[in-house]
Protein chains: 2
Amino acid sequence: MPSSSSVRVACAQVAPVVGDPARNREIARDAIARGAAAGARIVVLPELLSSGYVFRSAEEAAALAEPPDGPALTAWREAAARADVTVVGGFCERGEDGRTYNAAAIVDAGGTRAVYRKIHLWDREQLWFTPGTAPCALHETQWGRIAVAVCYDLEFPEYVHVLALAGADLICAPTNWPREPRPAGERPIEVIRTQASAAVNRVFIAACDRHGRERDVDWTGASVIAEPRGWLLAGPPADFGEDLLVADCDLALARDKRFGERNHAFDDRFPDLYATAAAAAREARGRSAAG
Amino acid sequence: MPSSSSVRVACAQVAPVVGDPARNREIARDAIARGAAAGARIVVLPELLSSGYVFRSAEEAAALAEPPDGPALTAWREAAARADVTVVGGFCERGEDGRTYNAAAIVDAGGTRAVYRKIHLWDREQLWFTPGTAPCALHETQWGRIAVAVCYDLEFPEYVHVLALAGADLICAPTNWPREPRPAGERPIEVIRTQASAAVNRVFIAACDRHGRERDVDWTGASVIAEPRGWLLAGPPADFGEDLLVADCDLALARDKRFGERNHAFDDRFPDLYATAAAAAREARGRSAAG
């Protein structure tokens, strides 16, 4: 019998269509239904699923942005309620301040549980998005605690660590990983970073990527679900195309940070030493840049 | 013509013999000579090469400890001078305070350039070693700047980041990675973490592991040299046994932290945000532990 902390997690690796919010709502509804049909109770969707990613201008991004009570998240909430699943996915948010954010939401039958605004903006995102200023709030589910990171956020070990330290058992990461060259036989480096972050924090990470091509960008299509030792429970898909990954994750495993007889992933850290040394290094870099 | 920042780096994956310092000096001399013969100008050796690793007691570790002017480092310095190479390796140090440290040294014809005491102690090391309290001082070479991490240190992204932020181009990491089970076809997770740390900091990492069995411990034998995108230039050895890895590393590549048109591995970070969030998380954990 599965334990009460065991939950099937799905990553729906789909291909959003830039500039077609109605089609993207259909894609989301279908992905949520397929995830639920596969037995998943948590379904992760890619980054910016509501809008697509490759904008031509800040105006285009702003025109495709929606508030959390807009059509995209309303459709996701309805589909989540029908299927009785928790959904985590990326959307293009119009803030109450009128700004555009690369955001992600956690929604379920109870409504919108969390909205997180991506902190680390990659490349042209800086032209149309305002960065977030706070880590994702944790969402408590019956199986464990969920947090969100979006794509480039995963390249910052300090951010992933903050989520784990706050108590996240499962980090859901909507991504749009642009395809880069890689040596033959190598996994995308994004997957390697995801495995490392899962391992050093002893958490589950479900990274849901997109596939296909959008305007001038080819996507990696390398969704993965990693467990707390860093091993992959699912993904990346063999053909890096459309796929639904599922894995059973016993989230309680992420709550035991001890390993061996004497070690602990958190307590073995020396945060004051790192902070002092980093501050000194930054000051020296600043002096060197000024000098 | 190689650039002035390009240097051949070797990792000598050997098998130290616990309790036989004379034999371990021979192993070091031979490894340094072989590295130089292969054209390397920087030769990395495993952790605790002077003494072996699997001690039975704090007394045994203390009896095998040597000061930096003891026989082990003297032999390394002489061999480094003969071969005109820079050597980085791990040794069992008797401090001027009488304590025993899991240390590593950078030596060359000019003497001992740096001694670093491992900060993060793994498992039974806690029974015989005193942890270090300061990051490795950087050593400037004609090709670029070298820093040192020892084995379990590499599991702490914050520590690797501190070295990179201080200006390390190449992090030399003497290791003794105990062999753990891993899924078929997977690299050791230590290698994956090394690749991720190289990638997020855009530095070279040369991790020199040991091989074989010592008392009750089997070693992984997974030395690797990773470049600033995280890809492996060399290793792990196909049979995870005795080997000499070499790779030509243009250390100037580690000085460019920009990528794409708008991103920068250091400047894209939000250290104050991480620090504030981590402090809040630690306080909440403390309250929860007390409550």
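Tell me the relative contact order for region B:94-185 as a rounded percent, counting alpha carbon contacts under 8 Å between residues six or more apart.
Result for region B:94-185 is 22 percent.
Only loop residues by DSSP count here, and only those with at most 12 other Cβ atoms within 10 Å; note down the trypsin sites (Lys or Arg not before Pro) in region A:132-219 that meet that.
Those satisfying the criteria are A:ARG215.
Leaving out same-chain residues fewer than 8 places away, which lysines sit with a Cα under 28 Å from that of B:LYS118?
B:LYS118 reaches A:LYS257, B:LYS257.
Summing Lys, Arg as +1 and Asp, Glu as -1, what charge do residues with Cβ under 10 Å from the Cβ of B:VAL54 carry, B:VAL54 excluded?
Once all neighbours under 10 Å are counted, the net charge is +1.
I'd like the trypsin sites (Lys or Arg not before Pro) in region A:68-140 restricted to DSSP loop residues with at most 11 other Cβ atoms within 10 Å, sorted by number.
none
Where does chain B land at 222 nm, in deg cm²/dmol rounded to the nearest 500, when only DSSP H runs of n ≥ 4 count, each adding -39500 (n - 2.57), divided by all residues?
Estimated from H runs of four or more residues: -9000 deg cm²/dmol.
Debye calculation, C-alpha points only, no solvent: report log10 I(q)/I(0) for region A:238-291 at q = 0.20 Å⁻¹, in the same order as the q values.
Evaluating at q = 0.20 Å⁻¹ gives log10 I(q)/I(0) of -0.82.
If amide hydrogens are placed 1.01 Å from N in the peptide plane, which non-local residues have theirs closer than 5 Å to the one on A:ALA114?
When sequence neighbours closer than 5 places are left aside, the close amide H contacts are A:ILE106.
Residues of region B:115-136 with accessible area at least 30 Å² lower in the all-protein-chain context than alone (1.4 Å probe)?
B:ILE119, B:HIS120, B:ASP123, B:GLN126
Report the Cys residues of the protein assembly as shown lacking a disulfide-compatible partner, meaning no second Cys Cβ under 4.7 Å from their Cβ.
For the protein assembly as shown, the answer is A:CYS92, A:CYS136, A:CYS151, A:CYS172, A:CYS249, B:CYS92, B:CYS136, B:CYS151, B:CYS172, B:CYS249, because their Cβ atoms have no other cysteine Cβ under 4.7 Å.
Place a label point 7 angstrom from the Cα of A:GLU60 along the Cα-to-Cβ direction, then list the residues of region A:194-217 whose backbone nitrogen is under 19 Å away.
Only A:210-217 fall inside the zone, counting backbone N under 19 Å.
Quick one: work out Rg over Rh on the C-alpha atoms of region B:192-285, Rh as Kirkwood radius.
Rg divided by Rh gives 1.13.
5 Å is the cut-off here: which amide hydrogens, built 1.01 Å from N in the peptide plane, fall below it relative to B:SER223, excluding neighbours closer than 5 in sequence?
HN-HN under 5 Å from B:SER223: B:ASP209.
Against the empirical 2.2 N^0.38 Å scaling, what ratio does the C-alpha Rg of the protein assembly as shown come to?
Relative to the 2.2 N^0.38 Å estimate, the protein assembly as shown comes out at 0.99.
I want the antiparallel fraction of DSSP beta bridges within the protein assembly as shown, as a percent rounded to 5.
70 percent
List the distances, in nm and shortest first, from the label point of A:ALA38 to the matching label points in every other copy, placing each point 7 Å from Cα along the Cα-to-Cβ direction.
Here the equivalent label points are 4.3 nm apart from this one.
Taking K and R as +1 and D and E as -1, what net charge do the other residues with C-beta under 14 Å from the C-beta of A:LEU165 add up to?
Around A:LEU165, the charge tally is +2.
Taking amide H positions as placed 1.01 Å from N in the peptide plane, with prolines and chain starts having none, which residues 5 or more places from B:GLY230, or on another chain, fall under 5 Å of its amide H?
Those qualifying (amide H under 5 Å, at least 5 residues apart or on another chain) are B:ALA199.
Taking chain B as a Gaussian network, Cα atoms linked when under 10 Å apart, which of B:GLY241, B:GLY185, B:GLY35 shows the biggest mean-square fluctuation?
B:GLY185
Two-decimal Rg/Rh of chain B from alpha-carbon positions, Kirkwood Rh?
That ratio equals 0.97.
Rg/Rh for region A:82-180 to two decimals, with Rh computed the Kirkwood way over all alpha-carbon pairs.
Across region A:82-180, the Cα-based Rg/Rh ratio is 0.96.
Excluding A:GLY19 itself, calculate the net charge of residues whose Cβ lies under 14 Å from the Cβ of A:GLY19, where each Lys or Arg counts +1 and each Asp or Glu counts -1.
-1
Ignoring the sites themselves, what is the longest stretch of chain B with no GluC sites (Glu not before Pro) in a DSSP loop and at most 11 other beta-carbon atoms within 10 Å?
B:97-260
Taking the DSSP beta bridges in chain A as the whole, what percent of them are antiparallel, to the nearest 5?
Counting only bridges with both partners in chain A, antiparallel ones make up about 70 percent.
How far apart, in nm, are the 7 Å Cα→Cβ label points at A:THR276 and B:THR74?
It works out to 3.4 nm between the two label points.
Using alpha carbons only, how many angstrom separate the centre of region A:241-268 from the centre of region A:1-54?
Computed from Cα coordinates, the inter-centre distance equals 22 Å.
Compare B:LEU163, B:LEU273, B:LEU121 in a GNM of chain B, Cα atoms joined below 10 Å, and give the one with the largest fluctuation.
Taking springs between Cα atoms under 10 Å, the residue moving most is B:LEU273.
Can you give the alpha-carbon Rg of region A:49-140 over 2.2 N^0.38 Å, where N counts its residues?
Output field value: 1.06.
Comparing B:ASP69, B:ASP209, B:ASP153, which has the greatest mean-square fluctuation in the GNM of chain B with Cα pairs linked when under 10 Å apart?
B:ASP69
Probe of 1.4 angstrom, ligands and nucleic acids ignored: what's the accessible area per residue over region A:95-195, in square angstrom?
Each residue of region A:95-195 exposes 32 Å² on average to a 1.4 Å probe.
For region B:186-245, what class follows from the C-alpha gyration tensor (a ≥ b ≥ c being the square roots of its eigenvalues): rounded when a/c is under 1.5, otherwise prolate if a/b is larger than b/c, else oblate?
prolate
Restricting to Cα atoms and excluding each atom paired with itself, what does the Kirkwood estimate give for region A:6-98 in Å?
After inverting the pairwise mean of 1/r, the radius is 13.3 Å.
Run through the other copies and list how far each one's label point is from that of B:GLU180, in nm with one decimal, shortest first; the point sits 7 Å from Cα along Cα-Cβ.
In ascending order, 2.6 nm.
Rounded to the nearest percent, how much of the accessible area of the protein assembly as shown (1.4 Å probe, protein heavy atoms only) is carbon and sulfur?
C and S fraction of accessible area: 50 percent.
Calculate how many DSSP beta bridges within region B:153-291 are antiparallel, expressed in % of all such bridges and rounded to the nearest 5.
Here the antiparallel bridges make up roughly 65 percent for region B:153-291.
What residue among B:VAL150, B:ALA114, B:PRO135 has its Cα farthest toward the positive end of the dipole of region B:109-166, where the charges are +1 on Lys, Arg and -1 on Asp, Glu, each on the Cβ?
B:ALA114
To the nearest 100 Å², how much accessible surface do chains B and A cover up together, summed over both, with a 1.4 Å probe?
4800 Å²
When only Cα pairs under 8 Å and 6 or more residues apart are kept, what is the percent relative contact order across chain A?
Worked out over chain A, it gives 19 percent.
Computed over the Cα atoms of region A:135-232, what is the convex hull's projected area averaged over all directions, in nm²?
Quarter of the Cα hull surface area: 6.6 nm².
Relative to the present Cα-Cα distance, how much length would full extension add between A:GLU180 and A:ALA238 at 0.36 nm per residue of separation?
Full-extension gain reported as 19.2 nm.
Note the distances from B:GLU242 to each other copy's matching label point, with points 7 Å along the Cα-to-beta-carbon direction, in nm, sorted shortest first.
The answer, with the shortest distance listed first, is 5.6 nm.
The values are calculated or read from the model by the stated rules, or taken from the named source; none is laboratory data. These numbers were taken from a predicted model, which means no experiment stands behind them. Quick reminder, even Gly has a Cβ in these numbers, built from the backbone with ideal geometry, and neighbours come from all protein chains shown. To get the accessible areas, we keep the full protein, side chains included, count just its heavy atoms, and leave off ligands, DNA and RNA. Shrake-Rupley method; radii C 1.70, N 1.55, O 1.52, S 1.80 Å.
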